[in-house]
1. Along the charge dipole of the chain, which of V258, G98, V75 sits closest to the positive end, that is, farthest toward it, with unit charges on the beta carbon of Lys, Arg, Asp and Glu (+1, +1, -1, -1)?
2. What dipole magnitude, in Debye to the nearest 20, does the chain give about its Cα centre under +1 on Lys/Arg Cβ and -1 on Asp/Glu Cβ?
3. When volume of the Cα convex hull per residue in Å³ is calculated directly from the model, which label among (1) 141; (2) 223; (3) 150 fits?
4. Give me the net charge for the shell around A88: Cβ to Cβ below 10 angstrom, other residues only, Lys and Arg +1, Asp and Glu -1.
5. Using the alpha-carbon atoms, what tilt in degrees (0 to 90, nearest 10) does helix 97-107 show relative to the longest principal axis of the chain?
6. Across the chain, how many lysine pairs, 8 or more positions apart or on different chains, have C-alpha atoms separated by under 25 Å? Please give the number.
7. Which residue, W185, H241, T222, has the largest displacement toward the positive end of the dipole of region 168-246 when charges sit on each Cβ (Lys, Arg +1; Asp, Glu -1)?
8. Run the quick spin-label model on R233 and E198: label points 7 Å from Cα toward the beta carbon, then report their separation in nm to one decimal.
Amino acid sequence: MKTILLFCALVTACAAQDRPALRNMSALVSAGPNPVTVGFVVAAPSGAASTSIRLLVRAVTWNLDTFGLNPAERVIATLTGPAGRAPAIVASLPGNDGLISAAEVSVGAFARRPATALVDAAYIVEMPAGSLTVSVVAAGRSGDAIIEVYQLPDPPAPPPPPPAPLLPPAPTGLVVVSGTARAIWLEWDASPDQRVNEYSIYRATTKNSANPAKIAETQGITFVDTSISPDVRYYYWITAHTFPGELVSPKSNPASGVTGKGI
């Protein structure tokens, strides 16, 4: 195995122009059936918030003949990061052409071979700062290839979650106006939330009921409960509902009433 070792050199002028910095001096190798390994040392950017670095790694052969070189064909690259571990591959060719192309544009990389069977190797990887080796072979014709490593900008932070919907306030003013053996009359204040268009009425026979039964819905601010039994104390709660969206308010404070004994 032939090994070429290069140490990274930041292109500060590139960084000063607010563009990702080229992390190497682009190694020219002769790729053939036997692996050729190029070594780089990738340093974390000064003041970086994360120790993970996103890189664009390319083995480019297209158009090298215009420089008097003999381009290899069908170059395959194997990447090894710090501690001999493979870096996490975010995208590669073929299959992620759109992501690779966008990354190339972001660093101003020159064009690679168009999408054909002879496509150049390109990867987007994430790895900690440290050593990176790129081992290449030519599955087709032996020849020259340029190995490049670019630092890519960190991916944008995910957008913040949308704010939680604003629930209408719990209804107020719930009272039992009167009651008989056959009916209990309720009323309450209209909600100040203009989105509210309906109220739900809940009932239980204990004040601390965890799950009072929903017995009715109404668009008004009064209700007559007739599905009751004589000589029983009932507790009531109401909630307010919005439209559109069907947001439900917390339950109101309870109100209670006792039905008459009947005849």
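1. V258
2. Details: 18 positive and 18 negative charges, 114 e Å.
My answer is approximately 540 debye.
3. So the structure-derived entry is (2).
4. Its environment carries a net charge of +1.
5. In the chain, helix 97-107 runs at an angle near 70 degrees to the longest axis.
6. Details: K207/K251; K207/K261; K214/K251; K214/K261.
Qualifying lysine pairs in the chain: 4.
7. Positive-end residue among those listed: W185.
8. The two pseudo-label positions are separated by 3.3 nm.
The numbers here are math on the coordinates, done by the rules we state, and not lab data. Note that the structure is a prediction, hence the values are computed from the model and not measured. Methodologically, a virtual Cβ is constructed for each residue, glycine included, from the backbone with ideal geometry; neighbour enumeration extends over all protein chains shown.
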